[in-house]
1. Looking only at the stretch 35-64, count every residue that is of a type in the set (A, V, I, L, M, F, W, C), part of a loop (DSSP other than H, G, I, E, B) and more than 16 Å from the ligand (Cβ to nearest atom) and tell me the total.
2. Of these, Val109, Val125, which one is over 30 Å from Pro282 (Cα atoms), at pLDDT 95 or above and either part of a helix (DSSP H, G or I) or within 16 Å of the ligand (Cβ to nearest atom) (or both)?
3. Could you go through the stretch 120-135 and let me know if any residue there is polar (S, T, N, Q) and surrounded by 13 or more Cβ atoms within 10 Å (Cβ to Cβ).
4. Here is a list of conditions, (1) over 16 Å from the mean Cα position of the chain (by Cα); (2) farther than 17 Å from Arg186 by Cα, and Asn94 meets all of them except one; can you say which number that is?
5. Considering (1) closer than 19 Å to Thr225 by Cβ; (2) more than 21 Å from the chain's Cα centre (by Cα); (3) more than 16 Å from the ligand (Cβ to nearest atom), say which one Leu172 fails and leave the rest.
6. Report yes if Ala166 is within 23 Å of Asn95 (Cα to Cα), more than 18 Å from the chain's Cα centre (by Cα) and away from the ligand (no atom under 16 Å from the Cβ), otherwise no.
7. Could you check how many residues of the stretch 65-103 are in a helix (DSSP H, G or I) and either more than 11 Å from the ligand (Cβ to nearest atom) or in contact with a strand residue (DSSP E or B) (Cβ under 6 Å, 6 or more places away or on another chain) (or both)?
8. Contact list please: Cβ distance under 6 Å, first residue in the stretch 227-255 and in contact (Cβ under 8 Å) with a residue 40 or more places away in the chain and over 16 Å from Gln303 (Cβ atoms), second residue aromatic (Phe, Trp, Tyr) and not in a loop (DSSP other than H, G, I, E, B), pairs at least six apart or on different chains.
Amino acid sequence: MPPIYGFYWSPSAASLDAEWSAFVQSGANSVVIQTHALTDALLDRLQRQGTMVYVDLPLFAGADLRVSFPDSAPIDAYGSAMGTDEWYVPLCPNNVHVRAHRLASLRSVLEQHGDALHGVWLDFVRYPLRWEVPQPNLVQTCFCDQCLALFFAHPPREYTIDERVAAIHAILTEHLAAWVEWKCQRIAGFVQDIRNFLRAQRPDLRLGLFALPWRLTDHNAAVRTIVGQDVALLGRRVDVISPMVYHRLCGQSPEWIADVVEEIRMRSCTDILPVIQTIDAPGPLPTEEFRRALEIARAVSDQGVLLFDLSAIVRDPDKLAVVREAFEGGKGAGCRREQ
Ligand SMILES: [Zn+2]
């Protein structure tokens, strides 16, 4: 597969022409797009442009599923249902209705638009956490009835408040190592289910996964203990892992991007496609800092670079020029490797 140089794109009806113009000018060869934004008209346009189209499939987050399946609200270590955090609506990753719904969504997308797609990128592949901050609030989850029954291998039942408190205490004091391993296996197991489904339906499609940009030494190994993302397990089940190395959101320098990518590559033993931020958060992202981040990401990746997201580039001609230069250089390097 050729390297990916492209954007995460949430098309906006109000500024579609400007977004399309920036996309074409950037020289991008790929796009990652949400399922609800896929239309025949847009896919036709992208196909005529020669763009590789990857669909973003969110797994364990989404306001719509929280409404459809109220028992998908994750339960935290205090026994409380987790609320929403601005745009983030977490879901219990073991909820059977959520899992079935996500597989059905994938089937539906393949039936409707499969011919125009080049791959699927899994998103929110994890236990709940709002991670895009320097100091995240690390809360252990999920202790809902379904999760407790699965972990203890009990028949499903409703736990009383006292029973839930006792179960949470037992897990966190007596079974923590087993709990963490089980969480990682549960997440990897659902990724395996998706892989099996894709292999049966469309073995030619590339399967990628957006991963937290955390090393094992960050936040006391929370990437495994809290989030349940074990890239060693996940790397055997996908073709590509995309660490979301949003340095500014995480309070880091651009140089941090290389450290994270190298560790995840080493631990996962799979291809790595880094995603870097274009967005001004927190505060403005200076063009030179963005250029540095893009240079570092390109240098450390042989799969290309994804940018999150397109809308920030549309508003900023200087950054668009930086992207064009990098994408043209990147695609040139890719051609040279193939000779
Ligand atoms: Zn649960």
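1. The number of residues fulfilling the criteria is 1.
2. Being over 30 Å from Pro282 (Cα atoms), at pLDDT 95 or above and either part of a helix (DSSP H, G or I) or within 16 Å of the ligand (Cβ to nearest atom) (or both) holds for just one of Val109, Val125, which is Val109.
3. Our first condition is that a residue be polar (S, T, N, Q); within the stretch 120-135, this holds for 135.
Those still in the list that are surrounded by 13 or more Cβ atoms within 10 Å (Cβ to Cβ) too: none.
There is no residue in the stretch 120-135 that is polar (S, T, N, Q) and surrounded by 13 or more Cβ atoms within 10 Å (Cβ to Cβ).
4. (2)
5. (3) is the only condition that Leu172 fails.
6. Against the criterion (within 23 Å of Asn95 (Cα to Cα), more than 18 Å from the chain's Cα centre (by Cα) and away from the ligand (no atom under 16 Å from the Cβ)), Ala166 qualifies.
7. Looking only at that region, the number is 11.
8. Filtered contacts from the stretch 227-255: His247/Trp256.
The values are calculated or read from the model by the stated rules, or taken from the named source; none is laboratory data. Since the structure is predicted, the reported quantities are computational estimates derived from the model, not experimental observations. When we count neighbours, we look across all protein chains shown, and the Cβ atoms used for this are built from the backbone with ideal geometry, even at glycine.
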